[in-house]
Amino acid sequence: MTEKATPGRLDGLLAETVRAERLVLIAFIGVNVLFPLALFVAGLPKPWRPFAGEDAPINWFSSVQCALIGGIAFATFIATRLGHSAGTEPIPRSWPWLVFAAGFAAMSVDEQFTGHELIREEILKPRGILTDVGLLRAGDIVLILYVVVGLALAWFLLPELRRKRASLITFISAIVLIGISAVQDALELAIFDNRDLRHARTILEEVSEIWAQLLFAISFTLLLFLKLRLLLRSSR
């Protein structure tokens, strides 16, 4: 390890992590802008079609992206454990990263196999469970519960997020955006009886969901590379 940790070699590795971080962020942002735009154009003159239905291409994309974010969270968990051994991690717990990795993996499966829709249609609605909750569509309280559980778990990740301001800001923005998306998806409002508004709602809902995922990806990526650089510097 001492041979690899010579000053010149170490500076080169640190520079490589900066370039890699930049490329990962650019790739995430570029794909999240270009893919929905391509779907919109491909769907003309009915641009909502690639965004509508559980087998829509946008849902496949969302599933893949959630899996990638879960992978980043798991890599951050590993980097945190290594940092504990190297003495670079000021925060003693690493388990929140593992929980978020598992959570995004579960969301990836949910997107691919319509998990929360199955819960709503096969369990809640037939039994009349949570089907009369204010303005929410029958059974869609599940979406709100997802957000509430996510917020509770986010509290345990907060000390980590505070280590990098950009990571904290993007994470909070993601929570706000996914919360708005979940609420508007669950609401049953007369305004959406209008066909054009219903189609616009479909596109907005799906795009806001993947952009919230993008913000999570940025937040986690920033912290992962921060931890990697700290590990490299500890090898001096």
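The values are calculated or read from the model by the stated rules, or taken from the named source; none is laboratory data. Owing to the predicted nature of the structure, the values given are computational and were not obtained by experimental measurement. Note that we place each Cβ from the backbone using ideal geometry, even for glycine, and neighbour counts take in every protein chain shown.
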Looking at (1) assigned to a helix (DSSP H, G or I); (2) at pLDDT below 85; (3) closer than 21 Å to Met107 by Cβ, which one does Gly139 not meet, given that it meets all the others?
(1)
Sort through Asp110, Asp55 and tell me the only one that's over 18 Å from the mean Cα position of the chain (by Cα), among the acidic types (Asp, Glu) and more than 28 Å from Arg162 (Cβ to Cβ).
Asp55
Looking at the structure I just gave you, is Arg93 in a loop (DSSP other than H, G, I, E, B), among the basic types (Lys, Arg) and modelled with pLDDT under 95?
yes
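Do we find a residue being part of a loop (DSSP other than H, G, I, E, B) and surrounded by 14 or more Cβ atoms within 10 Å (Cβ to Cβ) anywhere in the range 4-26?
Yes, the range 4-26 contains at least one residue that is part of a loop (DSSP other than H, G, I, E, B) and surrounded by 14 or more Cβ atoms within 10 Å (Cβ to Cβ).
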Kindly indicate whether Leu44 is aliphatic (A, V, I, L, M), surrounded by fewer than 19 Cβ atoms within 10 Å (Cβ to Cβ), modelled with pLDDT under 90 and over 19 Å from Leu177 (Cβ atoms).
no
Those residues of the range 180-199 which are modelled with pLDDT of 70 or more, in contact with a helix residue (DSSP H, G or I) (Cβ under 9 Å, 6 or more places away or on another chain) and more than 21 Å from Leu145 (Cβ to Cβ), in sequence order:
Leu197, Arg198, His199
Which residue pairs have Cβ atoms closer than 6 Å, lie 6 or more positions apart in sequence or on different chains, and pair a first residue in the range 144-168 that is under 23 Å from Val183 (Cα atoms) and at pLDDT 95 or above with a second residue that is among the basic types (Lys, Arg) and outside any helix (DSSP H, G or I)?
Leu168/Arg162
Among (1) over 20 Å from the mean Cα position of the chain (by Cα); (2) under 30 Å from Arg233 (Cα atoms), which single condition is Phe74 missing?
(1)
Does Thr88 meet the test of being surrounded by 17 or more Cβ atoms within 10 Å (Cβ to Cβ), touching a helix residue (DSSP H, G or I) at 6+ places or on another chain (Cβ under 7 Å), outside any helix (DSSP H, G or I) and of a type in the set (S, T, N, Q)?
yes
State yes or no: is Ala67 closer than 29 Å to Met107 by Cα, touching a Leu at 6+ places or on another chain (Cβ under 7 Å) and either touching a residue at least 24 places away in the same chain (Cβ under 8 Å) or of a type in the set (A, V, I, L, M) (or both)?
no
